[in-house]
Every structure is written in C-alpha cells, then in structure tokens.
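The values are calculated or read from the model by the stated rules, or taken from the named source; none is laboratory data. No experiment lies behind these values; they were computed from the predicted model shown. Here the Cβ is made from the backbone with ideal geometry for all residues, glycine too, and neighbour counts use every protein chain on show. Ligands, DNA and RNA are excluded from the accessible area calculation, which covers all protein heavy atoms including side chains. Shrake-Rupley method; radii C 1.70, N 1.55, O 1.52, S 1.80 Å.
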Amino acid sequence: GRTQAIVNDLAPAYVTKVIERERETGNVYGAKACKAKLDGIPETGDTLVWLGATARYATPCVANALLSLLHKAKVSFAVLKNEPASGCALGDLTGFVEEVRDEAKKAGEAIRASGAKKLVVLDSYDAALFRHEYKDWGVELPEVVTATSFVCELVKDGRLTPRKEALKAAYHDG
C-alpha cells in the first residue's frame with residue numbers, strides 16, 4: 001500500500017511534496033504561523049484544547065468558533081501556541097511508520113507538559129489517533145474528548161443555550 005510506495009520512492013510527486021512540506025513546517029499546509037486567535041489564552045491548565053493543523057492553518061474560523069463558545073460558557077482552558085503535529089496527517093500519507101510514532105511522542109510530551117487532565121480535540125481524526133494508536137504506541141494522554149461532545153455537555157449543563165437559525169448546515173464528525 002501507501003507505506004510501500006513511500007519506502008520504494010513510488011509515491012506520486014504531489015504526495016511527496018505534501019510530505020516534504022509537513023516535515024519542514026510540521027503541517028501539510030506549509031504554514032508558519034497559526035491563524036486562529038490565541039491571544040490571552042494560557043498554555044497550561046486542566047483542560048487543553050487541541051485545535052489540530054486544519055483548524056490552525058486552513059480553517060481558523062472553526063477554531064475561533066470553538067474558542068468563542070468556550071469563552072461564552074466560561075470554561076477555563078488552555079491552547080498550545082506551538083501545537084506540534086499529532087502524526088495524523090503524516091500517518092494518513094505514509095501509514096503509521098516510525099516517523100509518525102515520533103511525532104506522536106512529541107505531541108504527547110507537549111500535552112503532558114501543559115498539565116492537562118482533559119484533552120478536548122477539535123479534529124475527529126486527531127481524536128481517533130489519540131484514543132487508539134497513541135494508546136497502542138504507549139503514549140500516555142489525559143482523558144480525550146471530542147470538541148463536539150464537550151460542547152454538547154456544556155449545552156446539557158445549561159452553560160450554553162443554542163438558538164434556532166434559519167440556515168442549512170451539514171455536520172461532519174469522522
């Protein structure tokens with residue numbers, strides 16, 4: 001499969017380019033700086049929000065929307081300013097090779113250094129990786145919850161009150 005294609009230098013040029021970008025910048029977008037609004041948010045605390053590369057670099061409006069909800073619900077939370085790669089993107093491109101496990105170990109160290117007891121994960125693919133592969137690889141993490149389930153609990157607890165909007169929307173949570 002894809003791992004053999006990478007090992008045998010048979011990957012398409014566009015895939016090789018994306019892998020090189022991820023290795024150089026820590027994300028498949030080649031972005032140097034997070035586009036989400038993180039000013040004033042601490043990097044340590046009991047609840048750490050893991051935004052993931054897509055929300056940090058490609059769709060910061062999604063990250064900002066989650067952070068806004070957490071502020072409205074008066075949740076005390078932290079976000080890593082320089083969140084390392086989770087290994088999810090590279091693993092998707094190459095398979096779960098040693099380099100992906102190395103990214104997982106670095107991410108696990110950064111998460112543990114934050115002092116978090118709960119990890120709220122915006123990207124469902126990151127959440128799946130944290131819950132399954134990280135455990136298999138011996139990477140210890142605090143409790144992992146998806147952002148959608150965390151926000152749902154805030155609604156159930158009365159800390160957020162949804163309002164009806166006249167719009168069409170699609171929901172995706174892998």
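Checked against the criterion of being on the phi > 0 side of the Ramachandran plot and at pLDDT 95 or above, the candidates 115, 108 yield just one match: 115.
Inspect all residues belonging to region 127-142 and state whether any of them is more than 27 Å from residue 18 (Cβ to Cβ), modelled with pLDDT of 95 or more and of a type in the set (Asp, Glu). Scanning region 127-142 turns up at least one residue that is more than 27 Å from residue 18 (Cβ to Cβ), modelled with pLDDT of 95 or more and of a type in the set (Asp, Glu).
Do we find that residue 74 is open to solvent by 60 Å² or more (accessible area, probe 1.4 Å) and at positive phi in this structure? Yes. Answer with yes or no whether residue 153 is without any contact (Cβ under 8 Å) to a residue 40 or more places away in the chain and in a loop (DSSP other than H, G, I, E, B). Here the answer is no, as residue 153 does not meet what is asked. Entry remark, region 1-21: residues being at pLDDT below 80 and either in a helix (DSSP H, G or I) or among the basic types (Lys, Arg) (or both) number 11 in total. Among residues that are of a type outside the set (Asp, Glu), open to solvent by less than 50 Å² (accessible area, probe 1.4 Å) and either under 30 Å from residue 152 (Cβ atoms) or touching a residue at least 40 places away in the same chain (Cβ under 8 Å) (or both), residue 25 is not included. Residues in region 87-107 that are within 29 Å of residue 37 (Cβ to Cβ) and open to solvent by less than 10 Å² (accessible area, probe 1.4 Å): 87, 90, 91, 104, 107.
Only one entry in 92, 136, 123, 102 is farther than 25 Å from residue 158 by Cβ and in contact with a Cys (Cβ under 9 Å, 6 or more places away or on another chain), namely 123. Report whether or not residue 74 is under 16 Å from the mean Cα position of the chain (by Cα) and of a type in the set (D, E, K, R). Criteria not met by residue 74.
Considering 136, 123, the condition of being open to solvent by 100 Å² or more (accessible area, probe 1.4 Å) and of a type outside the set (Phe, Trp, Tyr) is satisfied by 136 alone.
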